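Report on the structure given below.
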């Protein structure tokens, strides 16, 4: 019986691992299925989409825009059960900003008392875009496998990137001194790239003091062919028998 109880206590954290994940691990990201683009809050790599009523309501008033030739056109996010639908998008280049999130005490996770700010960008093609968000992730050299991270329009060196593949595969990178990084993209599908930057600026929001601003941004993009598919198609084929 004691052995059973000991085993149960070991397995309990494993069984409820998702529930024990820190709240500060969540982020926003945009996907673009057929129809209007949609905005999710949760964790793409864990297939976690927060719902309303529930934690999706922490995202109070996201603002979204389409971006075309450097010009913004504001959209009207519509809250649904587990996402926001971004109505009115005429292009597949979308940016999102959420500044209304409440101050959080994440001291137990080593983050401190912070004011979270979320950003998200979706690009259907690796276009040569310019930074439009305070923390922004963009293709470099017109390619998705080369990215650049900007904070307030300046390249952000040594930034940590988390890259989530459509099948749940994950990779981590650090930007170089120019804010750039090269990726591996083995499979086709939607990729989400996520980066966090802590700005040591104290302040107050809705009567609550915070020690820093915690900026968290994502870039989502689709790949029709991954590296492996492209590599296999590029290999010479054996000659056919005559």
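The values are calculated or read from the model by the stated rules, or taken from the named source; none is laboratory data. It should be emphasised that the depicted structure is a prediction, and the values quoted were computed from it without experimental measurement. Neighbour counts are summed over all protein chains in view; Cβ atoms, including those assigned to glycine, are modelled from backbone coordinates with ideal geometry.
Take the residues in segment 88-102 that are surrounded by fewer than 18 Cβ atoms within 10 Å (Cβ to Cβ) and either touching a helix residue (DSSP H, G or I) at 6+ places or on another chain (Cβ under 9 Å) or at pLDDT 85 or above (or both); name whichever of them is nearest to residue 208 (Cα to Cα).
102
Consider only pairs whose beta carbons are under 7 Å apart and that are at least six residues apart or on different chains; among these, list those whose first residue lies in segment 26-52 and is without any contact (Cβ under 8 Å) to a residue 24 or more places away in the chain and at positive phi and whose second residue is outside any loop (DSSP other than H, G, I, E, B) and surrounded by 15 or more Cβ atoms within 10 Å (Cβ to Cβ).
42/48; 42/49
Could you please find all residues in segment 120-142 being assigned to a strand (DSSP E or B) and under 20 Å from residue 97 (Cβ atoms)? Spell out the reasoning first.
Step one: of segment 120-142, the residues assigned to a strand (DSSP E or B) are 120-123, 135-140.
Once the filter is applied, which keeps residues that are assigned to a strand (DSSP E or B) and under 20 Å from residue 97 (Cβ atoms), segment 120-142 yields 120, 121, 122, 123, 135, 136, 137, 138, 139.
Collect the residues in segment 52-94 that are under 16 Å from residue 33 (Cα atoms) and in a loop (DSSP other than H, G, I, E, B), keeping them in residue-number order.
80, 82, 83, 88, 89, 90, 91, 92
Report whether or not residue 138 is at pLDDT 95 or above and within 16 Å of residue 191 (Cα to Cα). Working first, answer last.
Working: at pLDDT 95 or above: yes; within 16 Å of residue 191 (Cα to Cα): yes.
Yes, satisfied.
Are any of the residues in segment 201-218 part of a strand (DSSP E or B), in contact (Cβ under 8 Å) with a residue 40 or more places away in the chain, in contact with a helix residue (DSSP H, G or I) (Cβ under 7 Å, 6 or more places away or on another chain) and crowded, with 18+ Cβ neighbours inside 10 Å?
Within segment 201-218 (the criterion being part of a strand (DSSP E or B), in contact (Cβ under 8 Å) with a residue 40 or more places away in the chain, in contact with a helix residue (DSSP H, G or I) (Cβ under 7 Å, 6 or more places away or on another chain) and crowded, with 18+ Cβ neighbours inside 10 Å), the answer is no, since none of the residues qualifies.
Identify all residues within segment 134-162 that are exposed (fewer than 14 other Cβ atoms within 10 Å of the Cβ), over 16 Å from residue 221 (Cβ atoms) and out of contact with any strand residue (DSSP E or B) (no Cβ under 7 Å at 6 or more places or on another chain); write none if there are none.
152, 153, 154
Of everything in segment 103-112, what is surrounded by 13 or more Cβ atoms within 10 Å (Cβ to Cβ) and without any contact (Cβ under 8 Å) to a residue 12 or more places away in the chain? Give them in sequence order.
105
Would you confirm whether any residue within segment 113-133 is surrounded by fewer than 20 Cβ atoms within 10 Å (Cβ to Cβ), farther than 26 Å from residue 182 by Cα and in contact with a strand residue (DSSP E or B) (Cβ under 8 Å, 6 or more places away or on another chain)?
yes
Please indicate, with yes or no, whether at least one residue in segment 143-159 is in contact with a helix residue (DSSP H, G or I) (Cβ under 9 Å, 6 or more places away or on another chain), part of a loop (DSSP other than H, G, I, E, B) and at negative phi.
Of the residues in segment 143-159, the ones in contact with a helix residue (DSSP H, G or I) (Cβ under 9 Å, 6 or more places away or on another chain) are 145.
Among the residues that remain, those that are also part of a loop (DSSP other than H, G, I, E, B) are: none.
No - not one qualifying residue is present in segment 143-159.
Scan segment 163-176 for residues that are assigned to a strand (DSSP E or B) and either surrounded by fewer than 17 Cβ atoms within 10 Å (Cβ to Cβ) or free of Cβ contacts under 8 Å to residues at least 60 places away in the same chain (or both) and report the count. Let's see the steps before the verdict.
Just the residues of segment 163-176 that are assigned to a strand (DSSP E or B), to begin with: 163-164, 170-174.
Retained after the next criterion (residues that are either surrounded by fewer than 17 Cβ atoms within 10 Å (Cβ to Cβ) or free of Cβ contacts under 8 Å to residues at least 60 places away in the same chain (or both)): 163, 170-174.
Looking only at that region, the number is 6.
Within segment 177-195, take every residue that is closer than 22 Å to residue 118 by Cβ and either touching a helix residue (DSSP H, G or I) at 6+ places or on another chain (Cβ under 7 Å) or in contact (Cβ under 8 Å) with a residue 40 or more places away in the chain (or both) and give me the one that is surrounded by the fewest Cβ atoms within 10 Å (Cβ to Cβ).
Ranking the qualifying residues of segment 177-195, first place goes to 190.
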